[in-house]
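A.B. asks: Structure incoming, see below.
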Amino acid sequence: MAGVVELIDRAAGLSPGPELAALLADLPWAKIPNARLVEVLQARSRQLAHDQAGLFAGMAEIARAKPVDGLPDGAVSRADEDFEWASHEIAAALTWTPTTADREVDFALVLRSLPSVFAALDHGLIDRGKAKVFCDHLDPARGELTPVQVRRLCERFVPLAPRWTARQLSRRLLAAIQAIDPEYHRRRYRRGLRERGVLLHLNRDGTATLSGEGLPPDEAAAAAARLDRLAG
């Protein structure tokens, strides 16, 4: 067991990367002492965040990779703008649905525009959920905050994010944005209404699920009550 303990001691102090990945490969869960399980879990979480950052970086590169037709073999050529068809290529490569690919590629592109958030994910300091909070609230493409405001919010909150849950981070970040721009919540609400929609999909058991998003709360409550009566 001394060999396992030594590996755990090394893994506990390592940043994510090839060395940590190799150590974790030699640490099967069944051989880890009870008192050290959480430390190994933390190490695996750091490594997972690092690997996810690499996956998102790859998606962002594909989004700007020029078509291979006409390019010399081995050529590395990127465009200045993202190609709209990138998510279709990624969906086919990873056997994802178009919806999943669109969502993940959008996440990757926003993450690329927030370098300090990407770096924190790459170094295993935050997980995917916390990175998503930053991307949801600070997407520069929305134009709701200036680049300077986005940078300052990242400088303030990225170092604090590791000690908070994603929900705590979201609340504090929203409060800071509200202090900068009192109209932020109102615009966000109006944008949500503009993007509202109703989704219907079939379940594996043959039933169907109906859901709505971006709906006014009072109208959504009334619709839910009506559907509940019809279902009964």
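The values are calculated or read from the model by the stated rules, or taken from the named source; none is laboratory data. It should be emphasised that the depicted structure is a prediction, and the values quoted were computed from it without experimental measurement. Heads up, the Cβs are rebuilt from the backbone with ideal geometry, glycines too, and the neighbour counts pull from every protein chain shown. Only protein heavy atoms, including side chains, enter the accessible area calculation; ligands, DNA and RNA are left aside. Shrake-Rupley method; radii C 1.70, N 1.55, O 1.52, S 1.80 Å.
A.B. asks: Among (1) closer than 30 Å to Gly3 by Cβ; (2) open to solvent by 90 Å² or more (accessible area, probe 1.4 Å); (3) modelled with pLDDT of 95 or more, there is one condition Asp26 misses while meeting the rest; what is its number?
C.D. replies: With respect to (1) closer than 30 Å to Gly3 by Cβ; (2) open to solvent by 90 Å² or more (accessible area, probe 1.4 Å); (3) modelled with pLDDT of 95 or more, Asp26 is out only on (3).
A.B. asks: Taking the criterion of being open to solvent by 50 Å² or more (accessible area, probe 1.4 Å), of a type in the set (A, V, I, L, M) and either modelled with pLDDT of 95 or more or not in a helix (DSSP H, G or I) (or both), would at least one residue in the stretch 5-17 satisfy it?
C.D. replies: no
A.B. asks: Exactly one of (1) open to solvent by less than 50 Å² (accessible area, probe 1.4 Å); (2) in contact (Cβ under 8 Å) with a residue 24 or more places away in the chain; (3) out of contact with any Ser or Thr (no Cβ under 6 Å at 6 or more places or on another chain) is unmet by Val105. Its number?
C.D. replies: With respect to (1) open to solvent by less than 50 Å² (accessible area, probe 1.4 Å); (2) in contact (Cβ under 8 Å) with a residue 24 or more places away in the chain; (3) out of contact with any Ser or Thr (no Cβ under 6 Å at 6 or more places or on another chain), Val105 is out only on (3).
A.B. asks: Can you pull out every residue in the stretch 29-44 that is exposed (fewer than 14 other Cβ atoms within 10 Å of the Cβ) and β-branched (Val, Ile, Thr)?
C.D. replies: Result: Val38, single match.
A.B. asks: So, one more: On the basis of being touching a residue at least 24 places away in the same chain (Cβ under 8 Å), within 28 Å of Gly58 (Cα to Cα) and aliphatic (A, V, I, L, M), does Val133 make the cut?
C.D. replies: Against the criterion (touching a residue at least 24 places away in the same chain (Cβ under 8 Å), within 28 Å of Gly58 (Cα to Cα) and aliphatic (A, V, I, L, M)), Val133 qualifies.
A.B. asks: Looking at the stretch 102-115 only, could you name the residues that are part of a helix (DSSP H, G or I) and of a type outside the set (Val, Ile, Thr)?
C.D. replies: Asp102, Arg103, Glu104, Asp106, Phe107, Ala108, Leu109, Leu111, Arg112, Pro115
A.B. asks: Only residues that are within 22 Å of Asp9 (Cα to Cα) and crowded, with 17+ Cβ neighbours inside 10 Å: list them for the stretch 45-57, please.
C.D. replies: Arg46, Gln47, Ala49, His50
A.B. asks: What number of residues in the stretch 58-83 are crowded, with 16+ Cβ neighbours inside 10 Å and among the small types (Gly, Ala, Ser)?
C.D. replies: Qualifying residue count, the stretch 58-83: 3.
A.B. asks: Out of (1) farther than 30 Å from Asp9 by Cα; (2) at pLDDT below 95; (3) surrounded by fewer than 17 Cβ atoms within 10 Å (Cβ to Cβ), the odd one out for Ala86 is which?
C.D. replies: Every listed condition holds for Ala86 apart from (3).
A.B. asks: Could you list all residues from the stretch 53-102 that are β-branched (Val, Ile, Thr) and either touching a helix residue (DSSP H, G or I) at 6+ places or on another chain (Cβ under 8 Å) or under 22 Å from Leu121 (Cα atoms) (or both)?
C.D. replies: Ile62, Ile90, Thr97, Thr100
A.B. asks: Residues that are assigned to a loop (DSSP other than H, G, I, E, B), in contact (Cβ under 8 Å) with a residue 40 or more places away in the chain and under 20 Å from the mean Cα position of the chain (by Cα): does the stretch 80-101 have at least one?
C.D. replies: Looking for residues that are assigned to a loop (DSSP other than H, G, I, E, B), in contact (Cβ under 8 Å) with a residue 40 or more places away in the chain and under 20 Å from the mean Cα position of the chain (by Cα), one finds none in the stretch 80-101, hence no.
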